[in-house]
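Taking it in order: structure first as structure tokens, then the write-up.
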Amino acid sequence: MTFFVISKVFRIKNMDILSLFVTVPVLTIVALVFTKGLKQARIVSMVGSFIQLGMAINLVFAYFKERAINDSIMVFAKDVVWFKHFNIHYAIGVDGISVALLLLSAIVVLAGVFISWKMENLPKEFFISLLVLATGVYGFFISIDLFTMFVFYEIAVIPMYLLIGIWGTGPKEYSAMKLTLMLMGASAVLLVGILGIYFNSNATGGALTFNILEIAQVNIPFEAQKLFFPLTFIGFGVLGALFPFHSWSPDGHASAPTAVSMLHAGVLMKLGGYGVFRVAMFLLPEGAMHWDWFFIILSATGVIYGAFGAIKQTDLKYINAYSSVSHLGMVLFALLMLNKTAWNGAILQSLSHGFMTALFFALIGMIYGRTHTRDITKLGGLLKVIPFISVVYVIAGLASLGLPGFSGFVAEMNIFVGAFQNEGLFYRVATIISVSAIVVTAVYILRVVGIMLMGPVKNQEFLNLPKVTWYERTGILLLLIPIVAIGVAPLWLSDMILASLEPFIQRVL
Amino acid sequence: MGSEAIIVFLLAGIVLVAGANFLSNLISHKSDNPQKREPYESGMTTVGPTWVQFKVGYYLFAILFLIFDIEVAFLIPWAVVFKEVGAVAFIEILVFLVILGLGLVYAWKKGALKWE
Amino acid sequence: MILSINIVNNSILNMLMIALIYLGIFSVAGLFLVLLERKVAAWFQLRIGPNRVGPWGLLQTMADALKLVSKELTGTVKADKFLYNLAPYFVIISALMALAVLPFTQDFQAFDINIGLFFLIAISSIGVIGILLGGWASNNKFALIGAMRSGVQTISYELSVSLSLVTMVLLTGTLQLSEIVEVQKNGWLIVQGHIPAVIAFMIYMIAGTAETNRAPFDMVEAESELGAGFHTEYSGMKFAYFFLAEFINMFIIAAIAATVFFGGWLSPFGITDSIPWLGVFWFLAKTFVLVFLMMWFRWTFPRLRVDQLLTLEWKYLLPLNLLNLVLMAFMVWLGFTIQL
Amino acid sequence: MIAGISIYEILTVTSILFFIGVYGFLTRKNLISILMSVELILNASVINFVVINKYLYPDMLQGVIFSIFIIAVAAAETALAVAIIINLYRQIASVEVKDTEIMKY
Amino acid sequence: MRYEILLLVITLLLLVGEIFIHKNKKESLVHLAIFLFAIHTAVGFLKLEESSLFGGSFQSNNLIHFFKNILNVGVLIILLQSADWIQEKIVSQNRGTEFFILLFSSLIGMYFMISSGDFLIFYIGLELSTLPVAALAAFEVSKRISSEAGIKLILSAALASGVSLFGISLVYATSGSIFFNEIITVITANSLTVLGFVLFFAGLAFKISLVPFHFWTADVYEGAPIGVTSYLSVISKGAAVFILMILMFSVFKPLMHVWEHMIYVVALATMFIGNLFALRQKNMKRFLAFSSIAQAGFILLGLITGTQLGIATIVYFVLIYIFSNLAAFGVVQAISLKTGKENMDDYNGLYQTNPNLSLVMLLALFSLAGIPPVAGFFGKFFLFTAAASKGYYLLVFLAVVNVTISLYYYLLVIRAMFIRKNENPIPFFKNKLYMRLGLLITVVGILVLGLYSPLYDYIYELSSVLN
């Protein structure tokens, strides 16, 4: 397939299937530098993103093939020494979780390019920034070296500033700054955590290392785990909208241009959950046990808070942003539940939320692009005016509130089943609180649908809204198909994830 | 007894001046006259302040002097031991003096030695 | 042991005695030089000079001194009183201390420090501070201009004085004045060093004359343009200090030249080696010949302008001096000196 | 070495000199005075070097040589500082510190 | 000694040229100076034996050679960036060559300073490196602000060296020698030595502009010509850091338990004050001044370790810092030269008119802030690693918080250039060849230095000399 072509062209060996996820976006960026005007820029980025999607799909199949013959934790692993004296390596590899998330990322990036088809203002720079972000995200998901991971984390975060600042709307300067600073502040905390892990990684007498798999072999002293787990957790958690540190998210999403919101909510925030899982919990299991209660409280609060926050808002983007806080809180919550089912649910929820929220933001962008308002009280009866968008919106909403048949249901189901497996009053109470958020979710989703889509058309200007164009359709369908696909046939995905959870279970539980 | 001698001569100088002043005060004829205490300016009353900004050339030469005087301070120890050290000292001081000489030529060409 | 003269056994008393002797030398020499100057001036101008007070006018300056002492010490109201009164101390003390290190003979030298020549160079430049202070504190325009000129002139020529002396130090290898004289037992340095030494001597005399602010380098007190220059506002005894110090400085410059270039108290060809105290005679004789030379300059050359003065120093004497130094070093290195 | 005076007394004097210099540097309002304060500090160091050499380590000349270089460098420093101060004076006709504060935080 | 002699010869050549070349042809000297210095820089990379001269007063080893090369490259960039300014503004005043002569003299001083084997050479090198810069700071004689900068620099530098000297004299009192290798054998942590060390440190802290000795920095940086400012902020600071590091890791190593705490406090104070003051700056030069104060605070993180790792990370950081800061200063200089504008508000909408300059600035600021994948990230990360290797996690944490603060104000500039709109933005202009070359080198440096890991490994190998 695509990979085959690329590997022939660039004469890359089979093992480098992962490095391509970094090189292709970078090559795309380089190509973009030489483009002129919107048309060339979007074509180049579309081609680039298509190749990436192809690579991601190819990776899924390749993964299954490889998994059948290879039972190491990470497959397609590659390891190049980078900084010898710190034992920093460029180490990459994937398991089922990363593969799924890579696929998610590729889809959302492509959809993002389609949604930004008409980006008039500085198109070249926009697509470059978008692809830098994508590079960071891909790199993050394939890294198994903490240093590389941290590098890609920051690469993914920093373009957000320009993306929101230049192409955003509303109080964009403020939002961009807030978002960047909070995320970079989080990475500051994370850095200390990583360094702490690094300097305790030779507990059994080996060399200091950043490699996740190698660190996973040793037992970091409990004292160190106790100290560095919260740092690492918060460091990644902020990106995953952990409760008191979530405030960048609504502002950031509200101000960001559509594609950026999609990418950010759909992909970038997944970095948080993934990092928490892969680094904080995997490497510091005893710390996770120790601090479990504290972060459960935080994330459960986040779930509820996000849901209630969404009810109160009238701005579509804010509603969706708060809903993201709620959903991602659920991811963290599930991760902290420390059992296989909940973890499975958490990963599924990440994926499902990624598609859903990207879809939401895409739709919101289209609505805003036509009506020039995001205030639901000013909208109404859109179902009659722009039926396609409205219908998709309803579908996405139903998926979001966990209707069976859509991805949300599978994910939340798993989470709560897993959560209820935990004995003890504290876990029960926390779980019940979180479950109740589903009800609230239903309330705000239906509220929006009711106010915005149903009823009379409030503004006569809305009667002549432009039709949905082909590229918008493509973008939406790209996102809609997986939602349905996961909902209808979750097992292949679930199997892939569950198999990859084994090492975690062995180490943490 | 040693370097106190310098102090003795210092005191001697002070005593000489102070003593002669005292003597003069003792025997001189005194008369009071306001004009006598005016600054001398060829018989005119002075106009304007005296302590004004002065021609900058003076400072320029003072700075030049400072540099070359320090050079002498380095030359003196060199000169004292020159006989013992010989060739090395000669070459080193040649380098030293060439650089200094260049400095002098530079100041010359830049017009620092011109009195305008 | 720095003090090389031993008159009485009690150290404090000894010091006092020495100080007194030097004060005596100081005043007598000063007075005599003033008279000499006037006589020389007269001879150059085919006059007789002071001839009324005492035989051949010998007591003329004594009478002048008495006159000055009996005058009232006045000062202007606008002056900076403290600095104004402080200035004479500087010139007198620096002159006196310079005098103290000069070796009149082998035994008659108040203190013989191992950095004698350096000390002399250092101490002789303190005098200019007195002049600058006096000129500035007077709050008189003539005085200020005179002082500034004095400053720029003294510091400029100081370089040449020091450099030409350093040139000679190359020959001696020591800074101690007694040892410098000792070295000259093999021939006066001006002979030992021949060509560069002669050049150094000429530069030294020119620069020394300028450093003492004497004609033809006396813009400092150029009567025709500045009244009396930096000491315009000084009268009576206070004027006398500057006057005295100028003549003592002239003596010191000549004495250093005599010591460094002409063998100090050494007699020519060692003719009086058996009678050490005659060294005083030889020393004074050489010194006064040089003093006469300086007076000769005064009554022979017209006064320079400031720019000419600085041009002479910075564009001619200083480069010449540096070259001369290298030449001398080269000579000493290769042993081209003349040893008798 | 001076008979009857121990190194402690001289070091006390130089320390006082040093702190007078620092104090002067911080409190003086005139650029020239500040420059003079700096010179005090340098001179305190010079005396320190000479005295320490003479009293404690008389067999080597390191301290004395050091002091010669300090003097030389201090002279160069002063020359440059005065040159710049003169240049400043030609522009603002003042050498007061308060007049040199057009740049603020 | 090759570096020193070669540069001295170049300086003297220029001096001779200045003396004998006619006034109207002085411009050729600018080209000649840059050309000669480029050759000098290139020659610096040739292999040179380690040696010790003047009875141990002058030492050189491969680490020192490497550091001199770093300084050379930095100065070369500064020369390239300043060339236009000199040609347009200075040559007509017939002072173009002086700029080079003074700059090179200062660089020779730095060579001697970092090669010193005793306190005497160290002191002379220190002064020789500072005094010409003071003259350079006051170089624009017609500008009041420049004179003020000069006077402030020289007075603070004089105070610093005086204080330093007093400290050295106390160390001399207790150890009886001014030679480093002799002091090492006898030094103990008695109170007089510690006092001496603290004073000595204060002197160098002035040069590195560590809090609380940073007061001169902003004023001098603002007033001095930009080329000089960049020289002060990178070369001068880098050299001082290097020698401080060498001395602390060798001569004063027995006092480590004393200076650890001191550095800890100073590092925190420097980072916080530098960063917090930088927040409110409107003038780009002052802004970069405070930012460079803060950067100095980060350097101390490496200093606190006292290990080979510390040396390697510091040298590496300084190398990267030179490129990043020079890129930023280069842009400021280019804009200031063409338009005379130095305020942050003037940069509004710069990307619209001058995209290339804005991108260089963007890279420079990201590098200064420590954003991957540009080089600054690696420098900072390794410094933090070095500090963490000694268990100073809290310090690292606070430092990283500072990185975030610094990111805020760096983003302010980026905001001005990329996001803000401007009624009359800085018009488009094309830089001359030298400036473009100067900026290009820095950009390449920023992009490559971090990713190219053998460089760090090489530095690490070199750093073993002290242990």
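The values are calculated or read from the model by the stated rules, or taken from the named source; none is laboratory data. Just so it is clear, the structure is predicted and the values come from calculations on it, not from any experiment. Every residue, glycine as well, gets a Cβ built from its backbone with ideal geometry; the counts of neighbours run over all protein chains shown.
Before moving on, here are some points about what is shown:
- Under the condition of being more than 7 Å from every other protein chain (Cβ to nearest Cβ), in a helix (DSSP H, G or I) and in contact with a Lys or Arg (Cβ under 8 Å, 6 or more places away or on another chain), the residues counted in the stretch D:67-105 number 2.
- Residue in the stretch C:139-147 that is away from every other protein chain (no Cβ under 11 Å) and either of a type in the set (Lys, Arg) or closer than 30 Å to C:Glu182 by Cβ (or both) present: no
- Helices (runs of 4 or more DSSP H) wholly inside the stretch C:1-107 containing at least 2 residues that are within 10 Å of chain B (Cβ to nearest Cβ), out of contact with any Leu (no Cβ under 8 Å at 6 or more places or on another chain) and farther than 23 Å from C:Glu246 by Cα: C:11-44
- Any hit, the stretch C:296-303, residues being surrounded by 15 or more Cβ atoms within 10 Å (Cβ to Cβ) and among the polar types (S, T, N, Q): no
- Of everything listed in (1) more than 10 Å from chain E (Cβ to nearest Cβ); (2) in a helix (DSSP H, G or I), the single unmet condition for D:Thr14 is (1).
- The residues listed here are C:Gln339, C:Gln308; of these, the one that is of a type outside the set (A, V, I, L, M, F, W, C), more than 7 Å from chain B (Cβ to nearest Cβ) and farther than 29 Å from B:Glu116 by Cβ is C:Gln339.
- Considering the stretch E:321-379, and only residues there that are in a helix (DSSP H, G or I) and among the charged types (D, E, K, R), the residue that is farthest from the other protein chains (Cβ to nearest Cβ) turns out to be E:Lys338.
- Tally, over the stretch D:19-66, of residues that are within 7 Å of chain E (Cβ to nearest Cβ), more than 14 Å from the chain's Cα centre (by Cα) and of a type in the set (Ser, Thr, Tyr): 1
- If the condition is being out of contact with any Phe, Trp or Tyr (no Cβ under 7 Å at 6 or more places or on another chain) and not in a helix (DSSP H, G or I), then the stretch B:85-116 contributes B:Lys110, B:Gly111, B:Ala112, B:Lys114, B:Trp115, B:Glu116.
- Of all the listed residues (C:Ala285, C:Ala258), the sole one being in a helix (DSSP H, G or I), free of Cβ contacts under 8 Å to residues at least 12 places away in the same chain and under 17 Å from the mean Cα position of the chain (by Cα) is C:Ala285.
Let's see how each residue does on (1) among the basic types (Lys, Arg); (2) at pLDDT below 85; (3) buried (at least 18 other Cβ atoms within 10 Å of the Cβ):
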site	(1), (2), (3)
C:Ser11	no, yes, no
C:Phe32	no, no, no
C:Trp43	no, no, no
C:Phe82	no, no, no
C:Ala87	no, no, yes
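- Qualifying residue in the stretch C:192-210 (condition: more than 14 Å from C:Ile253 (Cβ to Cβ), among the aromatic types (Phe, Trp, Tyr), in contact (Cβ under 8 Å) with a residue 12 or more places away in the chain and surrounded by fewer than 24 Cβ atoms within 10 Å (Cβ to Cβ)): no
- Filter pass, A:Tyr471 being within 27 Å of A:Gly309 (Cα to Cα) and not polar (S, T, N, Q): no
- Just one of the listed residues (B:Phe74, B:Phe82, B:Phe68) is part of a helix (DSSP H, G or I) and in contact (Cβ under 8 Å) with a residue 24 or more places away in the chain, and it is B:Phe68.
- The set of residues in the stretch B:76-113 that are more than 7 Å from chain C (Cβ to nearest Cβ) and small (Gly, Ala, Ser) comprises B:Ala89, B:Gly103, B:Ala107, B:Gly111, B:Ala112.
- Verdict on A:Lys172 being among the basic types (Lys, Arg), within 25 Å of the chain's Cα centre (by Cα) and at the interface with another protein chain (Cβ under 9 Å from one of its Cβ atoms): yes
- Every residue from the stretch C:63-79 that is surrounded by 15 or more Cβ atoms within 10 Å (Cβ to Cβ) and without any contact (Cβ under 8 Å) to a residue 60 or more places away in the chain: C:Asp64, C:Ser70
- Criterion violated by A:Leu479 - all others in (1) over 23 Å from A:Ala346 (Cβ atoms); (2) in a helix (DSSP H, G or I) satisfied: (1)
- Residues located in the stretch E:305-336, provided they are surrounded by fewer than 24 Cβ atoms within 10 Å (Cβ to Cβ) and more than 26 Å from E:Ser464 (Cα to Cα): E:Ile335, E:Ser336
- Any hit, the stretch D:18-32, residues being in contact with a strand residue (DSSP E or B) (Cβ under 9 Å, 6 or more places away or on another chain) and either surrounded by 22 or more Cβ atoms within 10 Å (Cβ to Cβ) or among the charged types (D, E, K, R) (or both): yes
- Helices (runs of 4 or more DSSP H) wholly inside the stretch E:383-463 that include at least 3 residues being surrounded by 22 or more Cβ atoms within 10 Å (Cβ to Cβ), more than 12 Å from chain A (Cβ to nearest Cβ) and at pLDDT 90 or above: E:433-451
- Selection status of E:Ile124, surrounded by fewer than 21 Cβ atoms within 10 Å (Cβ to Cβ) and in contact with a helix residue (DSSP H, G or I) (Cβ under 8 Å, 6 or more places away or on another chain): yes
- Residues being within 26 Å of A:Leu491 (Cβ to Cβ), among the β-branched types (Val, Ile, Thr) and either without any contact (Cβ under 8 Å) to a residue 12 or more places away in the chain or in contact with a Pro (Cβ under 9 Å, 6 or more places away or on another chain) (or both) are represented in the stretch A:402-410 by at least one member.
- Every test in (1) in a helix (DSSP H, G or I); (2) more than 23 Å from the chain's Cα centre (by Cα); (3) farther than 26 Å from A:Ala259 by Cα is passed by A:Gly455 save one, and that test is (1).
Listed here are the residues, each with its yes/no results for (1) at pLDDT 85 or above; (2) loosely packed, with under 12 Cβ neighbours inside 10 Å.
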site	(1), (2)
B:Leu16	yes, no
B:Pro39	no, no
B:Gly48	no, yes
B:Val80	yes, no
B:Leu97	yes, no
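- Meets criteria (more than 7 Å from chain C (Cβ to nearest Cβ), within 24 Å of the chain's Cα centre (by Cα) and modelled with pLDDT of 75 or more) for B:Leu10: no
- Flag for A:Ile155 being at pLDDT below 90, within 8 Å of chain E (Cβ to nearest Cβ), in a helix (DSSP H, G or I) and in contact with a Pro (Cβ under 6 Å, 6 or more places away or on another chain): yes
- Test: residue in the stretch C:169-178 that is among the β-branched types (Val, Ile, Thr), part of a helix (DSSP H, G or I), in contact with a Phe, Trp or Tyr (Cβ under 9 Å, 6 or more places away or on another chain) and buried (at least 22 other Cβ atoms within 10 Å of the Cβ): yes
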